[in-house]
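This report concerns only the one structure given below.
The values are calculated or read from the model by the stated rules, or taken from the named source; none is laboratory data. What you see is a predicted model; the values in this text were computed from it and never measured. Ideal geometry is used to build each Cβ from the backbone, glycine not excepted, and the neighbour counts take in all protein chains shown. SASA here: full protein model, heavy atoms, side chains in, ligands and nucleic acids out. Shrake-Rupley method; radii C 1.70, N 1.55, O 1.52, S 1.80 Å.
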Amino acid sequence: MRGERPARLRELIVGEGLEALIVEGPANLRYLTGFTGSAGVASVHADGRGRFYTDFRYETQAAQELDDTFACEIVSGELTDALAAAMTGGRVGFDDATMSVRRLSRLRELVGSTVELVASAGLPERLRAVKDEGEV
């Protein structure tokens with residue numbers, strides 16, 4: 001069931017006119033990717049790609065827990081820097097209810113005018129509100 005979640009989220013991303021969505025927060029990451037650690041961020045793209053970023057402390061855990069939809073990148077520096085480096089352009093959503101002002105400012109600084117960062121709170125929560133067979 002968990003493998004269907006990224007595909008369902010992609011439908012919402014496309015419906016919102018986004019190229020990608022940044023997903024953070026333990027509940028949303030666990031629901032979407034299976035990752036139970038405390039340091040990670042994911043990007044889900046309208047074209048079907050999914051990326052997960054974490055640091056070296058979670059390399060083994062990420063390899064064991066991540067849904068196979070997500071390519072994992074072990075980041076030696078800041079997660080925000082790696083996330084920004086992978087953004088190629090277009091409209092990218094972020095959860096303005098959970099993303100820190102510091103992370104948003106840093107992202108805007110790094111992506112410049114090539115990426116339009118769009119407040120898109122609640123997309124993963126829409127999926128979580130409707131329980132799938134495994135959750136029931």
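Charge tally around G122: other residues with Cβ under 11 Å, Lys/Arg +1 each, Asp/Glu -1 each, net -2. Here the Karplus curve 6.51 cos²θ - 1.76 cosθ + 1.60, taken at θ = phi - 60°, turns the phi angles of the range 112-118 into couplings of x, 8, 6, 10, 9, 7, 10 Hz, with x standing for Gly and Pro. The share of accessible area on the range 62-129 that comes from carbon and sulfur is 47 percent, using a 1.4 angstrom probe.
Once the 1.4 Å probe is applied to the protein heavy atoms, the range 1-73 comes out at 46 Å² accessible per residue.
Per residue, the average separation of C-alpha pairs within less than 8 Å and at least 6 apart gives the chain a relative contact order of 26 percent. Candidate values (i) 1.01; (ii) 0.94; (iii) 1.11 were compared with Rg/Rh (Cα atoms, Kirkwood Rh) computed on the shown model; the agreeing label is (ii).
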